[in-house]
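The values are calculated or read from the model by the stated rules, or taken from the named source; none is laboratory data. Being a predicted model, the structure only gives us computed values, none of them experimental. Neighbour counts run over all protein chains shown; Cβ positions are idealised from the backbone, glycine included. The protein model used for the area step is the full one, side chains on, heavy atoms only, and it has no ligands, DNA or RNA in it. Shrake-Rupley method; radii C 1.70, N 1.55, O 1.52, S 1.80 Å.
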Amino acid sequence: DFERFGVHLEGAVRDEMTGLVGFIQQAGHVYMMNAIDRSKTGQVVVDVGAMGAEREERAGRTSFSLPAGVFTPVSTSTADRKGTNALVASGDSNVCSGLLAHCDSEVVRKAAFRAYHAYPAENAELVDQIVKARYRVAEIMGYRSFGGYQLDGFSLAGMPGAVEAFLTGMNGSIRGGVEAEMGVLEAFKARVTGGGGRVEAWDREWATNGTLAEQRTVDGSDERLHRLVRVSGFVSGMSALLTEAMGLRLVSVPLGPGEAWASGIGKVLVVNDADGETYGTIYLDLLQRPGKFGGAALFTLRCGRRLSNGEYQLPKVALVANISTSSAADGYLSFGDLETLCHEFGHAMHSVLSRTELQHLSGTRGPQDIIEVPSHVFERFASDRRALSLMVEHSGGDPSIVDDQLIGVLESRRRHCAATKLQKTVHTCLLDQYMHGEGVLGSDFGSKRDIERFMRAHGASGSNDELTAFPPLRFTHLVGYAGNYYAYLFANCIAAEVWDGGGGRGEGTWPSRALMRDTMLQTGGSIPAKAYVQELVGADGLVDVDGGCFPRHDAFLAKLGLTTTT
């Protein structure tokens with residue numbers, strides 16, 4: 001790490017490197033803060049006249065209403081729209097996302113889409129400055145691009161060419177699936193609006209959710225799906241699963257004085273079920289509260305390492321989530337929350353079971369494109385019949401609820417518009433690579449014309465607004481991943497191979513304890529990435545290209561019901 005940040009440099013170039021690294025960190029922080037600052041995220045401005053015309057066009061068909069408490073009427077001078085009345089909503093990301101996902105008015109969705117991709121305006125300049133500063137860091141270190149600098153010597157991919165081959169290959173494999181799904185979404189839009197079925201960028205989330213809602217009406221399993229695992233019994237359920245899968249259990253213990261940072265924090269020890277040996281500590285901060293960190297994540301509080309006296313320092317981690325208070329009051333986790341907690345427990349087990357000599361290689365301190373593998377493997381437990389039955393039973397529920405119909409519902413929802421959703425991720429990964437590639441200093445780099453040209457080259461379809469709406473001014477992964485956004489897809493593909501065993505493992509048969517504990521978790525980040533993955537999936541699970549490699553995507557796409565055609 002010292003060498004990667006120029007410890008060996010001297011004089012002015014060393015000073016320049018120090019300044020660049022500091023600037024990138026500071027600019028990234030400002031970028032992140034801008035993305036959540038409501039004073040900078042603009043407004044969703046809806047033309048009342050246009051919305052009225054839309055209602056008239058839909059006469060006799062499905063009408064629409066606006067969500068309560070979101071919009072406020074404004075004068076023409078406030079909205080700066082001469083001769084029209086307008087409604088205004090906050091351009092906050094949650095508001096925009098909600099409107100794009102659920103509002104039946106295309107006029108409103110289009111306004112939300114434009115607001116989301118126009119603000120915070122300051123981030124456009126910051127993105128340009130950050131990627132150019134990163135390029136200069138790579139140049140000082142002797143690399144042709146920041147992407148090459150990021151991947152060399154540490155990652156699984158090894159070279160940008162390997163990432164590009166992986167992404168373009170996956171993009172080609174799902175193109176037929178995208179076309180088929182777009183036909184379904186277009187038909188849905190035509191049914192609802194009575195007009196043309198062309199699905200624009202601002203229609204995709206809405207149409208995807210709308211067709212899923214129709215599917216839910218048919219299968220009727222929504223209530224059962226979200227009443228599986230009790231919030232209060234989650235630790236017991238996860239403990240039973242860990243015992244069955246890896247011979248471990250969770251033991252709840254009291255907190256010491258001043259040990260918790262808020263009320264409602266739990267503390268569990270991970271112990272060997274056979275002899276009671278303790279492997280580490282997990283703090284559980286699961287429920288929402290005002291001012292709390294959003295989303296879900298695992299925070300390492302203390303790494304595992306070998307001490308000078310020969311003893312092993314046991315790791316401590318904090319699993320932080322945001323389960324809604326309504327879910328807690330109802331007593332059950334939503335299925336989405338259950339999946340999230342399983343994912344984060346994969347990270348927790350990686351950190352707790354790691355037994356590296358050095359703390360810098362402990363747990364998730366490894367190459368970016370493999371550290372998500374355990375979390376994605378654990379996420380599979382949430383929809384596995386045997387695992388789900390265990391968690392339901394030991395959390396206080398009736399395991400018979402996990403029947404063929406419920407598993408079928410989970411499978412169909414996983415596959416619903418899977419190609420369309422995956423294509424969006426692939427295109428974002430490709431753009432992340434492009435932004436950290438060799439063309440950063442080009443005069444046209446990052447312009448609307450440049451991005452449109454790039455997206456069309458990779459088969460993106462839709463309106464010009466969609467094609468030119470990058471870089472997203474709220475794409476916060478730009479800061480943390482920096483040319484590594486593809487890592488989630490790598491991990492998904494590897495996890496699919498680990499779980500499915502190349503297609504040879506039957507339903508309810510999990511990866512072996514030895515594979516999960518000894519190979520996947522215990523090694524932390526101490527094994528070179530390629531050797532680590534080959535131990536997990538075999539040498540034929542990787543494709544060598546351009547001095548690097550990438551995982552095969554067949555098992556991952558098969559799980560989504562997608563064929564690997566080009």
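Observations
- In the set ASN94, ASN123, only one residue is out of contact with any Asp or Glu (no Cβ under 9 Å at 6 or more places or on another chain), more than 30 Å from VAL21 (Cβ to Cβ) and in a helix (DSSP H, G or I); that residue is ASN94.
- Scanning segment 152-168 for residues being out of contact with any Gly (no Cβ under 6 Å at 6 or more places or on another chain) and surrounded by 18 or more Cβ atoms within 10 Å (Cβ to Cβ) gives a total of 8.
Residue by residue, here is whether (1) surrounded by fewer than 21 Cβ atoms within 10 Å (Cβ to Cβ); (2) farther than 24 Å from ARG513 by Cβ; (3) in contact with a helix residue (DSSP H, G or I) (Cβ under 9 Å, 6 or more places away or on another chain) holds:
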position: PHE234; (1), (2), (3): no, no, yes
position: PRO254; (1), (2), (3): yes, yes, no
position: GLY264; (1), (2), (3): yes, yes, no
position: ALA274; (1), (2), (3): yes, no, no
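- LEU478 open to solvent by less than 10 Å² (accessible area, probe 1.4 Å) and modelled with pLDDT of 90 or more: no
- Every residue from segment 411-426 that is open to solvent by 40 Å² or more (accessible area, probe 1.4 Å) and of a type in the set (Ser, Thr, Tyr): SER412, THR425
- Qualifying residue in segment 182-189 (condition: in a loop (DSSP other than H, G, I, E, B) and over 22 Å from the mean Cα position of the chain (by Cα)): no
- Segment 154-171, residues that are in a helix (DSSP H, G or I) and over 22 Å from the mean Cα position of the chain (by Cα): GLY161
To keep it simple, each residue is scored yes or no on (1) among the acidic types (Asp, Glu); (2) in contact with a helix residue (DSSP H, G or I) (Cβ under 7 Å, 6 or more places away or on another chain).
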residue: ALA495; (1), (2): no, yes
residue: ARG513; (1), (2): no, yes
residue: ASP546; (1), (2): yes, yes
residue: PRO551; (1), (2): no, yes
residue: ALA558; (1), (2): no, no
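- Among residues of segment 427-444, those that are more than 21 Å from MET170 (Cα to Cα), crowded, with 17+ Cβ neighbours inside 10 Å and without any contact (Cβ under 8 Å) to a residue 60 or more places away in the chain, counted: 0
- Within segment 242-260, the only residue that satisfies the criterion of being under 22 Å from ALA382 (Cα atoms) and part of a loop (DSSP other than H, G, I, E, B) is GLY247.
- Beta carbons closer than 8 Å, at least 6 apart along the sequence or on distinct chains, pair a first residue in segment 40-51 that is touching a residue at least 60 places away in the same chain (Cβ under 8 Å) with a second that is acidic (Asp, Glu) and open to solvent by 10 Å² or more (accessible area, probe 1.4 Å) for LYS40/GLU122; THR41/ASP92.
- When every residue of segment 339-351 is checked against the conditions, at least one turns out to be in contact (Cβ under 8 Å) with a residue 12 or more places away in the chain and open to solvent by 30 Å² or more (accessible area, probe 1.4 Å).
- SER354 being buried (at least 18 other Cβ atoms within 10 Å of the Cβ), more than 19 Å from PHE234 (Cβ to Cβ), modelled with pLDDT of 90 or more and among the small types (Gly, Ala, Ser): yes
- Residue count for segment 120-149 under the criterion of being touching a His at 6+ places or on another chain (Cβ under 7 Å), at pLDDT below 95 and open to solvent by 10 Å² or more (accessible area, probe 1.4 Å): the result is 0.
- Enumeration of residues in segment 536-556 that are part of a helix (DSSP H, G or I) and farther than 17 Å from HIS376 by Cβ: ALA539, ASP540
- Criterion (closer than 19 Å to MET32 by Cβ and touching a helix residue (DSSP H, G or I) at 6+ places or on another chain (Cβ under 6 Å)) met by exactly one of ASN94, ASN123: ASN123
- Single condition LEU361 does not satisfy, out of (1) over 17 Å from the mean Cα position of the chain (by Cα); (2) open to solvent by less than 20 Å² (accessible area, probe 1.4 Å); (3) hydrophobic (A, V, I, L, M, F, W, C): (2)
- Residue within segment 216-223 that is in contact with a helix residue (DSSP H, G or I) (Cβ under 7 Å, 6 or more places away or on another chain), modelled with pLDDT under 95, part of a loop (DSSP other than H, G, I, E, B) and at negative phi present: yes
- Matching option when the condition is within 24 Å of MET391 (Cβ to Cβ) and part of a helix (DSSP H, G or I), among ASP337, ASP285: ASP337
- Taking every residue in segment 363-382 that is under 21 Å from LEU301 (Cα atoms) and modelled with pLDDT of 95 or more and pairing it with any residue that is in a helix (DSSP H, G or I) and among the acidic types (Asp, Glu), at least 6 positions away or on another chain, the pairs with Cβ-Cβ distances below 9 Å are SER375/GLU344.
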